[in-house]
Amino acid sequence: MSRKVLVASLAAALIAASCRKKIEILPEEAKQVTRTDSTEKVDDMQVKKREYQFYLHGRQFVCEGRTFESEEHASRAAKTSIAERPAERLATETAIYAASGRSVWLKTRRELVWCMLASGKADEIEAALGPLRQLFKQKFQQDAG
């Protein structure tokens, strides 16, 4: 293997590894994934943010993951972000899963992820959002267990 190929392979592996370290919940079948990473200041603290979009079975999803400096800050953000009366909610001391309408949320320790179905008709919401809800619940159970 040439040195250029080896260097390119290592660079690609490092980029892929750094992408995985960012907070996101992404189905294996996701297509056309785009990501934007940033850091923003919220109440004198730095919050790592990943905005990402993908297509799943022809439907577009828009998501945002945030990593806070503490569990307390993540919990406060979850209280303001998660729908007041979600259609579905599971909670432990360290994790919250919620779903309502076109959106699904997961708060685990210092992280909060939100995804919304951005395309599709009202009668398609349940079928389109179902696989993502299952993935969020699975992540919730992993953190709760």
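The values are calculated or read from the model by the stated rules, or taken from the named source; none is laboratory data. Note that the structure is predicted; figures quoted are calculated from it, not measured. Cβ: placed from backbone, ideal geometry, glycine included. Neighbour counts: every protein chain shown. Keep in mind that these areas ignore ligands, DNA and RNA; they rest on the heavy atoms of the full protein, side chains included. Shrake-Rupley method; radii C 1.70, N 1.55, O 1.52, S 1.80 Å.
Structure summary
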quantity	calculated
Matching residues in the range 62-89 - criterion: being among the hydrophobic types (A, V, I, L, M, F, W, C), open to solvent by 20 Å² or more (accessible area, probe 1.4 Å) and at pLDDT 95 or above	V62
All positions within the range 47-63 that are assigned to a strand (DSSP E or B) and under 9 Å from A30 (Cα atoms)	F54, Y55, L56
Count of the range 23-43 residues which are open to solvent by 80 Å² or more (accessible area, probe 1.4 Å), within 16 Å of R110 (Cα to Cα) and either assigned to a loop (DSSP other than H, G, I, E, B) or acidic (D, E) (or both)	1
Number of positions in the range 64-91 that are not in a helix (DSSP H, G or I) and not polar (S, T, N, Q)	15
Residue tally, condition assigned to a helix (DSSP H, G or I), open to solvent by 20 Å² or more (accessible area, probe 1.4 Å) and either farther than 15 Å from F61 by Cβ or touching a Gly at 6+ places or on another chain (Cβ under 8 Å) (or both), over the range 92-138	5
Matching residues in the range 18-44 - criterion: being of a type outside the set (K, R), at pLDDT 85 or above and farther than 29 Å from G130 by Cβ	S38, T39, E40
